[in-house]
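The values are calculated or read from the model by the stated rules, or taken from the named source; none is laboratory data. Since the structure is predicted, the reported quantities are computational estimates derived from the model, not experimental observations. Cβ: placed from backbone, ideal geometry, glycine included. Neighbour counts: every protein chain shown.
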Ligand SMILES: Cc1ncc(COP(=O)(O)OP(=O)(O)O)c(N)n1
Ligand SMILES: Cc1nc(C(=O)O)sc1CCOP(=O)(O)O
């Protein structure tokens, strides 16, 4: 099941880490604004803790500013922290200090500042985080999440998965029963904080807050900037449209699931949603024909300029890496973010992700920058994603061989779904579909689907149409699309005209059209062929 976001502030924690402001008085970020004024505005917008980070001033001027900022923060009951300089934190009467890995150690700083001081530390790796907790850190500053021009000499860019990994390992270590809040830092702004919070959520832990420099200090109005960041971080993202009807089959009997699937298919053909495809050159034509035959509306557009307008049509987006080059990444991201903003479903088809470093890196970047509601791939692709790139996939085809038969595919699909907080569909002789809680195996479809190119990609195009209409129940909408498609393939293969791959394509398009007509006429007999099981 897709995660419900956890509460933010833990009961008993008297520091609000949700929005942590780190200052910067450089010309490039602060400009000619007054730092104290900007910090006050930011506090009014919801900042709960302020860190004075000053890299250019002499000690005396720095101390003067630290005292002013401390007074301001305490006036608003906001915690005040000094970056790096334990001496200034002590003399200014700050609530604590933030230390980097090369600064004074936590235990030494504690000797100077005392037991009640808040001591935070920067961590880029799991080892640094575990050591910091062991040494008594009060919070961890985890980063850099993304590249940032505010600090170019970061120790590493770890992405959302790096943050999630640290949070999860810190929480799992039973040696440290003490709760240590985690905040993320580096390149955070309103375009990515929802994704960060949603995807950094691990089974055993989550992010308490975000630390931000330029998105507030460099903004025109720090109150507005802080308010926007905080509400974006706190609110459920638009794509997480859970509803009271969102029983993805966890508790439903099979007959009830089939009647839900029937409703989903009927409504999809009635609404005729848009399926926006950023797909590969080999399959574009076939996928468009499939969508038309199945009663939805295809658009094959790679233009970032029109992505937001297309997203506003209420359909779904397919990002297919079949013939993509790294230059396409920013085009994909523009479109994914436009759909994410409106909660329109996005499907990632990581074609041959296990074949080359280029493909794996592109997929990693995409998963780090945008939310994908569904990941669809063949066995090799899902294995490559689930286990990290191992560079052993040959070409775009799946290796549905003895070796991959050994893999517990249901467990693989379910664990990738939990990890990426999305729905995962692994296609093959038997398909596996999971949202991380409920997993289905599907045994429809025919051999001919493997004998013509593009059938996997075109399935993705149909899935986003179904999910666009049923955003509150993405798992069952995906199941309905797969059954619609694979049962049409069975009807095509049984057509006496169908003698092989050449005849299969037109027969398949006819069968899709036939099922679409049946749905419009409310004749759902075709669903009696459905062969799926909850695992
Ligand atoms: C909340 C938070 N996290 C990380 C940092 C980075 O601190 P550090 O590694 O000491 O680097 P500089 O800030 O000194 O450049 C931070 N300041 N705050
Ligand atoms: C101060 C700092 N520390 C980082 C780390 O990775 O430890 S990144 C960073 C700068 C964050 O600035 P912005 O919000 O403008 O991207």
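Is it fair to say residue 72 is under 29 Å from residue 219 (Cβ atoms), within 34 Å of the chain's Cα centre (by Cα) and either away from ligand 2 (no atom under 14 Å from the Cβ) or at pLDDT 95 or above (or both)? Break it down into steps so the answer makes sense when it comes.
On the way: under 29 Å from residue 219 (Cβ atoms): yes; within 34 Å of the chain's Cα centre (by Cα): no; either away from ligand 2 (no atom under 14 Å from the Cβ) or at pLDDT 95 or above (or both): yes.
Judged against the criteria, residue 72 is not a match.
Within segment 196-223, which residues are within 18 Å of the chain's Cα centre (by Cα), within 13 Å of ligand 1 (Cβ to nearest atom), farther than 23 Å from residue 336 by Cβ and in a loop (DSSP other than H, G, I, E, B)? If you could, list the steps in order and put the result at the bottom.
Start the filter on segment 196-223 by keeping residues that are within 18 Å of the chain's Cα centre (by Cα), which leaves 196-210.
So of that shortlist, the ones also within 13 Å of ligand 1 (Cβ to nearest atom) come out as 207-210.
Next, only the ones that are farther than 23 Å from residue 336 by Cβ stay: 208-209.
Within segment 196-223, 208 is the sole residue that qualifies.
Just checking: which of the strands (runs of 3 or more DSSP E) contained wholly in segment 278-394 hold 2 or more residues that are touching a helix residue (DSSP H, G or I) at 6+ places or on another chain (Cβ under 9 Å), touching a residue at least 60 places away in the same chain (Cβ under 8 Å) and surrounded by 19 or more Cβ atoms within 10 Å (Cβ to Cβ)? Walk me through how you get there before you give the answer.
Details: elements: 297-300, 316-320, 346-349, 374-378.
The qualifying strands (runs of 3 or more DSSP E) are 316-320, 346-349, 374-378.
From (1) within 11 Å of ligand 1 (Cβ to nearest atom); (2) farther than 20 Å from residue 179 by Cβ, pick out the condition that doesn't hold for residue 57.
If we test residue 57 against (1) within 11 Å of ligand 1 (Cβ to nearest atom); (2) farther than 20 Å from residue 179 by Cβ, just (1) comes out false.
Kindly list the number of the only condition in (1) within 24 Å of residue 187 (Cα to Cα); (2) within 14 Å of ligand 1 (Cβ to nearest atom) that fails for residue 78.
Going through (1) within 24 Å of residue 187 (Cα to Cα); (2) within 14 Å of ligand 1 (Cβ to nearest atom) one by one, residue 78 breaks only (2).
Of all residues in segment 140-179, count the ones that are in a loop (DSSP other than H, G, I, E, B) and away from ligand 1 (no atom under 15 Å from the Cβ).
Qualifying residue count, segment 140-179: 7.
State which residue is nearest to ligand 1 (Cβ to nearest atom) when the search covers only segment 180-195 and only residues that are assigned to a loop (DSSP other than H, G, I, E, B) and within 17 Å of residue 21 (Cβ to Cβ).
Filtering segment 180-195 down to residues assigned to a loop (DSSP other than H, G, I, E, B) leaves 180-181, 186-192.
Now restrict to residues that are within 17 Å of residue 21 (Cβ to Cβ): 181, 186-190.
Numbers: 181: 11, 186: 8, 187: 12, 188: 11, 189: 16, 190: 19 Å.
Result: 186.
Give the number of residues within segment 140-152 that are closer than 19 Å to residue 199 by Cα and more than 9 Å from ligand 2 (Cβ to nearest atom). Break it down into steps so the answer makes sense when it comes.
Step one: filter segment 140-152 for residues closer than 19 Å to residue 199 by Cα, giving 140-147.
After this cut, where a residue has to be more than 9 Å from ligand 2 (Cβ to nearest atom) as well, the list is 140.
Number satisfying all stated conditions: 1.
Filter segment 127-149 down to the residues that are surrounded by fewer than 22 Cβ atoms within 10 Å (Cβ to Cβ) and within 24 Å of residue 366 (Cβ to Cβ), then identify the one that is farthest from the chain's Cα centre (by Cα).
The extreme case among them is 149.
Just give me the residues in segment 51-83 being part of a loop (DSSP other than H, G, I, E, B), closer than 23 Å to residue 16 by Cβ and free of Cβ contacts under 8 Å to residues at least 24 places away in the same chain, in sequence order.
Hit for segment 51-83 is 77, nothing else.
Going by the structure shown, is residue 155 surrounded by 24 or more Cβ atoms within 10 Å (Cβ to Cβ), within 16 Å of ligand 2 (Cβ to nearest atom) and without any contact (Cβ under 8 Å) to a residue 60 or more places away in the chain? Walk me through how you get there before you give the answer.
Numbers: surrounded by 24 or more Cβ atoms within 10 Å (Cβ to Cβ): no; within 16 Å of ligand 2 (Cβ to nearest atom): yes; without any contact (Cβ under 8 Å) to a residue 60 or more places away in the chain: yes.
Taking the combined requirement at face value, the residue does not satisfy it.
Every residue in segment 500-519 that is closer than 20 Å to residue 257 by Cα and within 35 Å of the chain's Cα centre (by Cα), please. It would help to see each step written out before you state the result.
Going through segment 500-519, the residues closer than 20 Å to residue 257 by Cα turn out to be 515-516, 518-519.
Once the filter is applied, which keeps residues that are closer than 20 Å to residue 257 by Cα and within 35 Å of the chain's Cα centre (by Cα), segment 500-519 yields 515, 516, 519.
The conditions are (1) surrounded by 20 or more Cβ atoms within 10 Å (Cβ to Cβ); (2) more than 16 Å from ligand 1 (Cβ to nearest atom), and residue 237 fails exactly one of them. Which is it?
Going through (1) surrounded by 20 or more Cβ atoms within 10 Å (Cβ to Cβ); (2) more than 16 Å from ligand 1 (Cβ to nearest atom) one by one, residue 237 breaks only (1).
Yes or no, residue by residue, for (1) assigned to a helix (DSSP H, G or I); (2) surrounded by fewer than 24 Cβ atoms within 10 Å (Cβ to Cβ):
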| residue | (1), (2) |
| --- | --- |
| 467 | yes, no |
| 496 | no, yes |
| 506 | yes, yes |
| 516 | yes, yes |
| 528 | yes, yes |
| 533 | no, yes |
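Inspect all residues belonging to segment 158-167 and state whether any of them is near ligand 2 (Cβ under 9 Å from one of its atoms) and assigned by TED's automatic domain parsing to the domain that holds residue 55. Reasoning before the result, please.
Narrowing segment 158-167 to residues near ligand 2 (Cβ under 9 Å from one of its atoms): 158.
Filter once more, so that each one left must be assigned by TED's automatic domain parsing to the domain that holds residue 55: 158.
Yes - at least one qualifying residue is present in segment 158-167.
Only one of these is in contact (Cβ under 8 Å) with a residue 24 or more places away in the chain and either within 16 Å of ligand 2 (Cβ to nearest atom) or touching a strand residue (DSSP E or B) at 6+ places or on another chain (Cβ under 6 Å) (or both): 120, 105. Name it.
Values: 105 fails: either within 16 Å of ligand 2 (Cβ to nearest atom) or touching a strand residue (DSSP E or B) at 6+ places or on another chain (Cβ under 6 Å) (or both).
Exactly one of 120, 105 is in contact (Cβ under 8 Å) with a residue 24 or more places away in the chain and either within 16 Å of ligand 2 (Cβ to nearest atom) or touching a strand residue (DSSP E or B) at 6+ places or on another chain (Cβ under 6 Å) (or both), namely 120.
What number of residues in segment 123-139 are in a strand (DSSP E or B) and away from ligand 2 (no atom under 16 Å from the Cβ)? Give the derivation first.
Our first condition is that a residue be in a strand (DSSP E or B); within segment 123-139, this holds for 123, 139.
From what is left, the residues that are away from ligand 2 (no atom under 16 Å from the Cβ) are none.
Number of matching residues: 0.
With respect to residue 86, determine if the residue is touching a helix residue (DSSP H, G or I) at 6+ places or on another chain (Cβ under 6 Å), at negative phi and within 16 Å of ligand 2 (Cβ to nearest atom). Don't jump to the end; show me each part of the working.
Working: touching a helix residue (DSSP H, G or I) at 6+ places or on another chain (Cβ under 6 Å): yes; at negative phi: yes; within 16 Å of ligand 2 (Cβ to nearest atom): no.
Judged against the criteria, residue 86 is not a match.
Restricting to segment 443-465, name every residue that is in contact with a helix residue (DSSP H, G or I) (Cβ under 6 Å, 6 or more places away or on another chain) and either farther than 21 Å from residue 513 by Cβ or not in a helix (DSSP H, G or I) (or both).
444, 445, 446, 451, 452, 454
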